[in-house]
Every structure is written in structure tokens, then in C-alpha cells.
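Written below as C-alpha cells is the structure these notes are about.
The values are calculated or read from the model by the stated rules, or taken from the named source; none is laboratory data. All of these numbers come straight from a predicted model, not from anything done at the bench. Counting neighbours? That spans all protein chains shown, and the Cβs are built from the backbone with ideal geometry, glycine included. Ligands, DNA and RNA are stripped out before the accessible areas are found, and what is left, the full protein with its side chains, is counted by its heavy atoms. Shrake-Rupley method; radii C 1.70, N 1.55, O 1.52, S 1.80 Å.
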Amino acid sequence: MERVLTTPIAEGEARALRAGDVFYLTGLLITARDEAHRKALERGAPLPLEGLAIFHCGPVVQRKGDSWEVVAAGPTTSARMELFEAEFLRRFRPRVIVGKGGMGEKTLQALAEVGAVYAHFTGGAGVLAAQAIRRVRDVFWLEELGIPEAIWVFEVERFGPLVVAMDAHGRSLYKDLSAQVERNLEAIRARIRGT
Amino acid sequence: MDFVAALAEALGRAATLLPQDVVQALRRAWAREEGPAKVQLEAILRNVEMAGAGRLPICQDTGTPTFFVRFGLDFPHLKELVSALPEAVRRATQEVPLRPNTVHPFTGKNPGDNTGRYIPAVTWDPMPGDSAEIHVLPKGGGSENCCLLKMLAPGVGLKGIKEAVVEHVVACGGLPCPPTIVGVGIGGGADLALKLGKLALLRPLGQRHPEPEVAALEAELEELLNASGVGPMGLGGRTTVLAVHVEYAHRHPASLPLGIAVQCWAHRRATVRIGPDRSITVSQ
């Protein structure tokens, strides 16, 4: 059975997720990249974010009359947002951060404090993401930041698959894996030097 | 078809249709993976299918428009081709659509049409003959950020090259959207080493370098990298790279430049061939 989480997500629901779980998201998914994070921390968020999901994404969109159509909307590299994410989580209390590539220790700690998870969406799968976006409800800071960096408010249905890569209990798949990869690397180095 | 239309068509195909050799390599990877790695490859393959069916960009990062042109010394339409390249980029940006990705490094201003100073990036290589081949390689920012130039001490030899490639690609983890295709350029000067790495990416997957020593290095690097366990999207697994391609140039006695061009799984490419009689084919 596929697990679906619907926004607003309660703290308990986020805390029940464990690293490695797969789920889908229904409800509001809000894009925010570098500039949107910076600006929100400076001036406040343009809408309440508690219980919602944040998406590290700069979409390809097309204007269709009065509305917007999302053509492709995969994740961007989350590591760049490590500068802002811990403070962002504490201040605005979203429950899910969606991105790719993982984030660092400061974010991991803030996820545990706030009761939120970092979920990985397949990098490059921009069409798969777009087909789960039912509607663009709103867009903020479009004039100032341009299409990729603006805050897009997406209504999504069964957006995923999302892999819980960092949970609210201090566990990170990236951290677990990097220990394993480091051991593999030792063996690979030995093979290269030995040949 | 005029040059602009053909080149815009190639940019559109590259953005929306993944070449069959790449799709096959992803399918083979899917077959041997399990757990989170298989979930990632499933999502990738579904995405590729949906993008192709709807002629939609595979990834929202439609990349920096980049062309590698091999033109015959007797090709009669060079002037027209030079001006057709940026025009085709403008048209494809509107029609596909592509994400406007060119940003002025000082003002932050984005002209909105994917052109700008030195962009589209074009490499011109003359060859004998009277036709032209234009290779389109729109490359995303995530994988481009993982490209690297290393000036090695020649004394480290082939082992040093292997170690440097493995250390770097593994250190990149999930950032370049693995499973990646890695282009390795050895020798030349600093600029040539990186250029050779990029050129190596143009070769179809499954096609080895014609020289056996180079082909053997490609196979060995693939095996070593896939033993790292980084896996699809850096979530662990057996497939970290789909392929490693190596190209080389002669080097200075004091230098061993190593250029590593990392390409994401969405290895988008297309080729336009133009004959002296203006006959045009677009292929992938």
C-alpha cells in the first residue's frame, strides 16, 4: 500500500516517518530556492508555511491565459540551501523539505527539533513531478526573482515517490551510506595501487 | 528545412527524447538494482517515457545550450550556420519551451532567451570535406558543477589518474544525478583536457575508444566506480555510472592534465548533419 501524506501535516505524522520510508504527498507544495530562502528570512514568508511541504525547485512554466501550466518541475541540489534551512525550519515550521542530494548536520538537527523530514525526489524527473501538480494556486516574488527563483504554490496530488532520506530522529541515509562508501573506497584504492 | 528550424528541432529533441543507448543502459541498471535504487530508476524510466510521449523537457533544467561543430573545410554555408546557432536557441527556448538559463554574472540579469556573452557555447573543429556535423549537448547545472580539472604530477601515471577519477566522482555522491556518464580527458593543456572530457560524452554508450589501452581504462573505471556503492541518486546501489569514456591528447613533459566532465543520467544529445546541397538530417 502506498503511503500518502496530506498537508497540513501534523508534527506526529512527520515524526512517524523513518529514513528509508517511501511516501506520496497531496496538498500544498511550495517551491523555494536560494533567493526565496534568503528573502523569506529577511522579510518573512509571503504565506503561512506551517505543516506544508517546501520544494527545492525552479520549474519550467508556461503562461496559459490567466493561469500557469507547469511543464517540468524536478528538484534542484539541496546542499545550496544548507545555508538557510535550519533557521527556515525553526521559523516557518514546514513538515517536509523535498529536494535532491541531501543536506547537512545543521538541517538534520533542525528537522529533529521541529519534527520534520527531508524527502528525496528523483533528480531530473521533471515531467513525473509536473504531472502530479494539479494547479498553480499562486506565485510570489515573480517580478523580483524571476521564474526559477520565485515562490510557486503548487496543489499536488500523489506527488512522488518521495524517499525519506533524513528523518526527525537524527538519521540520514546519506550519512549511513557515506560510511559504507568510505569503506568501499578503501578497497578500491587498494585495488588500484595493487595493479 | 532551413538551418534554424533544423537546429531548433535538434535542441527540442535533445531536451525531450533521451537517446536509445541511454534508455537501454538505464533499463539494464533497473534490472540489476533493488530497494531505493530501483525506486529511483523506475521514476527515471517513467519520467523518460512521459517526456517522450508528451514531447516535454525530460528535466526542468534544460541546461546551457552547447554545440560542438565539425565543419568541412569546403562546407559552403558556414556564414549562415554561424548566425543560425543563437537564432535556433532563441526559437527552441520559446517553442519547446526551454528554461531561460543564462544569467549575467555581475548584474544577475537574465535575457530570457538562453543566449548571452559566449553563449551558446560553440566549439568549431575543421575537418576535410564539404559537409557539417553539429552536435547539441545541453548540459544541466547540477552535473556541470561536478566537472573538475586536476593538474597531476606526471609521475603518478595511470594509477594516479584512476585514483583521481574515482575519488572525485565518488566525492560528488548524489549531486550530479547519478547514474552518470563520465567523460575523462587526459593530456593536452588545462583547457584541452576539459574539452576532451566533454567531447568524450558525445560518443554513444556502449561504443569503446578504438585503441585497446584506452578502452581497457574505460572498462576498469566503470567497474571501480560501480563498486563504490554510491548508486542512483546517491542513495546507494550498484550503478553509479552508466559509462566512462576517455579521450586523450599528447601532453607537456611537465604536465598531466586530467579533465573530468560529469554528465547526469539525462544525457541529452542530438546531431544535425548538413550537406553541401543543404540536405539536412537530425538524429540522436
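Of A:Ala168, A:Ala32, A:Ala179, which is the most mobile in a GNM of chain A whose springs link Cα atoms less than 10 angstrom apart?
Answer for the Gaussian network model of chain A: A:Ala179.
What is the spin-label model distance, in nm, from A:Val4 to A:Val22 if the labels are put 7 Å beyond Cα along the C-beta direction?
1.7 nm
Under 21 Å Cα to Cα from B:Lys159, which lysines show up? Leave out anything in the same chain fewer than 8 places away.
Within the straight-line limit of under 21 Å, B:Lys159 reaches these lysines: B:Lys150.
May I ask you to give the average projected area over all directions of the convex hull of the Cα atoms of segment B:16-110, in nm² rounded to one decimal?
Numbers: hull surface 38.1 nm².
Directional mean of the projected Cα hull area for segment B:16-110 stands at 9.5 nm².
Quick one: pull the percentage of alpha-carbon pairs in the protein assembly as shown with a separation above 34 Å.
35 percent
Trypsin sites (Lys or Arg not before Pro), restricted to segment B:253-284: which are DSSP loop and have at most 16 other Cβ atoms within 10 Å?
Details: sites: B:Arg268, B:Arg269, B:Arg273, B:Arg278; in loops: B:Arg268, B:Arg269, B:Arg278.
In loop regions of segment B:253-284 (DSSP not H, G, I, E or B), the sparsely surrounded trypsin sites (Lys or Arg not before Pro) are B:Arg278.
What do you get for GluC sites (Glu not before Pro) in segment B:1-81 restricted to DSSP loop and a cutoff of at most 15 other Cβ within 10 Å of the site's Cβ? Please report the intermediate quantities before stating the final value.
Working: sites: B:Glu9, B:Glu33, B:Glu34, B:Glu42, B:Glu49, B:Glu80; in loops: B:Glu33, B:Glu34.
Of the GluC sites (Glu not before Pro), the ones in loops of segment B:1-81 whose Cβ has at most 15 other Cβ atoms within 10 Å are B:Glu34.
For segment A:85-151, take the alpha-carbon Rg, divide it by the Kirkwood Rh, and send me Rg/Rh. Show your work: numbers first, answer last.
Working: Rg = 13.9 Å, Rh = 13.8 Å.
Answer for segment A:85-151: 1.01.
How much accessible area per residue does segment B:142-263 have, counting only protein heavy atoms and a probe of 1.4 Å, in square angstrom?
Details: 4320 Å² over 122 residues.
Here the residues of segment B:142-263 average 35 Å² of exposed surface.
For chain B, take every pair of Cα atoms, bin their distances at 5 Å starting from 0, and report each bin as a whole percent.
Values per bin, smallest distances first: 1, 6, 12, 16, 17, 17, 14, 10, 5, 2, 0, 0.
Given a Förster distance of 56 Å, report the FRET efficiency between B:Ser83 and A:Gln109 from their Cβ-Cβ distance, rounded to the nearest 0.05.
Numbers: r = 55 Å, r/R0 = 0.98.
So, using R0 = 56 Å, E works out to roughly 0.55.
Chains A and B: buried accessible surface, both sides, probe 1.4 Å, rounded to 100 Å²?
For A against B, buried area totals roughly 3400 Å².
Pick out, in residue order, every one of the trypsin sites (Lys or Arg not before Pro) in segment B:1-97 that is DSSP loop and has at most 14 other C-beta atoms within 10 Å; say none if there are none. Let's see the in-between values first.
Details: sites: B:Arg13, B:Arg27, B:Arg28, B:Arg32, B:Lys38, B:Arg46, B:Arg55, B:Arg70, B:Lys79, B:Arg90, B:Arg91; in loops: B:Arg55.
The qualifying sites are B:Arg55.
In whole Hz, what ³J(HN,Hα) sequence does segment B:263-268 give by Karplus (6.51, -1.76, 1.60; θ = phi - 60°), x for Gly and Pro?
10, 5, 4, 7, 7, 8
Just to confirm, what accessible area per residue do you get for segment B:1-89 at 1.4 Å probe, in whole Å²?
Numbers: 3570 Å² over 89 residues.
Value returned for segment B:1-89: 40 Å² of accessible area per residue.
For segment B:35-100 and segment B:262-284, write down the distance between their C-alpha centroids in whole Å.
Taking the Cα centre of segment B:262-284 as reference, the centre of segment B:35-100 is 10 Å away.
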